[in-house]
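Everything below concerns the one structure shown next.
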Amino acid sequence: GFYRRHLDAIPGSASTLREFSLLLYLNKDWKEENGGRLRLHMDSGGDFLPEGEEANFQDVDPCGGTLVLFESDKLPHEVVEQRGEGMAIVGWYKRHRTSSDIAELAAGGDVDPTRLIALALAAGLVTVGLINILTG
């Protein structure tokens, strides 16, 4: 498998809360023929190399114990084709969500009203449940 070039924090989506991305590789005895390198792009593009710009990247071998940490909205990256199994822990450090974040996401027009009602109902049920636990 592979992952095409991308940023981990996409404007207009909940992923904008991602501040830092991390990968911790768990592969034992990684060999070059296994593939699966992480390619970090150092050019000025986002999801694509800007036209007329030279490719500028750094590859990271996915050797066990290697930790990679980078800013989610600033460093485009991809995983070059991997052959066979690979193991890694992937995660994000997120910033706190604010009311303006929620308003911005709702204004994006991608909000399904049915989903919004279901989420509000679920939040209400959880709140009632917590109140019953705390007062019961």
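Scan the stretch 31-43 for residues that are loosely packed, with under 13 Cβ neighbours inside 10 Å and modelled with pLDDT of 95 or more and jot them down.
Selection gives 42 alone.
Kindly indicate the residue of the stretch 67-87 that is touching a Gly at 6+ places or on another chain (Cβ under 7 Å) and not in a strand (DSSP E or B) and also least open to solvent (accessible area, probe 1.4 Å) among those meeting that condition.
Only one residue tops the list, namely 76.
Among all residue pairs at least 6 apart or on different chains, which show Cβ distances below 9 Å where the first residue, located in the stretch 114-136, is at positive phi and the second is surrounded by 10 or more Cβ atoms within 10 Å (Cβ to Cβ) and at pLDDT below 75?
Listed by first residue and then by second, the contacts come to nothing, as the list is empty.
Does the stretch 3-20 hold any residues that are open to solvent by less than 80 Å² (accessible area, probe 1.4 Å), over 9 Å from the mean Cα position of the chain (by Cα) and of a type outside the set (S, T, N, Q), and which are they?
Passing the criteria: 5, 6, 12, 14, 17.
Would you check which residues across the stretch 7-42 are in a strand (DSSP E or B) and farther than 22 Å from residue 104 by Cα and list them?
If the condition is that a residue be in a strand (DSSP E or B) and farther than 22 Å from residue 104 by Cα, then 21, 22, 23, 24, 25, 35, 38, 39, 40, 41 are the ones that fit.
Out of 51, 78, which single residue is under 23 Å from residue 1 (Cβ atoms) and not polar (S, T, N, Q)?
Among 51, 78, only 78 is under 23 Å from residue 1 (Cβ atoms) and not polar (S, T, N, Q).
Given the residues 45, 64, which is the only one that is part of a loop (DSSP other than H, G, I, E, B) and either within 30 Å of residue 103 (Cα to Cα) or aliphatic (A, V, I, L, M) (or both)?
Of the residues listed, the single one that is part of a loop (DSSP other than H, G, I, E, B) and either within 30 Å of residue 103 (Cα to Cα) or aliphatic (A, V, I, L, M) (or both) is 45.
The values are calculated or read from the model by the stated rules, or taken from the named source; none is laboratory data. All of these numbers come straight from a predicted model, not from anything done at the bench. Glycine gets a Cβ as well: all are built from the backbone with ideal geometry, and neighbour counts include every protein chain shown. The area values use the complete protein model at the heavy-atom level, side chains included, leaving out ligands, DNA and RNA. Shrake-Rupley method; radii C 1.70, N 1.55, O 1.52, S 1.80 Å.
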